[in-house]
1. Considering the stretch 79-91 alone, what residues qualify as being surrounded by fewer than 19 Cβ atoms within 10 Å (Cβ to Cβ) and either part of a helix (DSSP H, G or I) or polar (S, T, N, Q) (or both)?
2. Determine which single condition V95 fails, assuming it passes every other condition in (1) surrounded by 14 or more Cβ atoms within 10 Å (Cβ to Cβ); (2) part of a helix (DSSP H, G or I); (3) at pLDDT below 90.
3. So which helices (runs of 4 or more DSSP H) stay within the stretch 29-78 end to end and still have 2 or more residues that are surrounded by fewer than 13 Cβ atoms within 10 Å (Cβ to Cβ)?
Amino acid sequence: MKKLVSVSIAAIALFGMVSTAQADIGQYRKNGCAACHASGAAGAPKVGDKAAWKARIAKGMPALANSAIKGIPGTAMMAKGGRVNLTDAQIKSIVKYMVDASK
């Protein structure tokens, strides 16, 4: 019985991780981040462009998330990319997806 419970918990955890990864990509596309970060519009670093992301990634996830949440004055990056309805957690998840895809 303990093995069955352990296997069930592991399966639920794995399914949750897969679902989260899929949700990150879906949020990225659905919420408009890709409008700039897929094409490099307005100087946005393109997802997957390792050179464009290298210095940003070096600042760390907290700094990147903060920039995405609060925006970057003097640039086209508005707070939450203009999607003020998104939670900070959703923004952090999308940033993580973009960083992971750009390492």
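1. First, the residues of the stretch 79-91 that are surrounded by fewer than 19 Cβ atoms within 10 Å (Cβ to Cβ): 79, 82-85, 87-90.
A79, G82, N85, T87, D88, A89, Q90 - these are the residues of the stretch 79-91 that are surrounded by fewer than 19 Cβ atoms within 10 Å (Cβ to Cβ) and either part of a helix (DSSP H, G or I) or polar (S, T, N, Q) (or both).
2. All conditions pass for V95, except number (3).
3. On the way: elements: 33-37, 50-58, 61-70.
Here the list reads 50-58, 61-70.
For every residue, the table says whether it meets (1) among the hydroxyl-bearing types (S, T, Y); (2) touching a Ser or Thr at 6+ places or on another chain (Cβ under 7 Å); (3) closer than 14 Å to S102 by Cβ.
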| residue | (1), (2), (3) |
| --- | --- |
| G32 | no, no, no |
| H37 | no, no, yes |
| D49 | no, yes, yes |
| A76 | no, no, no |
| K80 | no, no, no |
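The values are calculated or read from the model by the stated rules, or taken from the named source; none is laboratory data. Just so it is clear, the structure is predicted and the values come from calculations on it, not from any experiment. With ideal geometry, Cβ positions are generated from the backbone for all residues, glycine too; neighbour counts draw on all protein chains shown.
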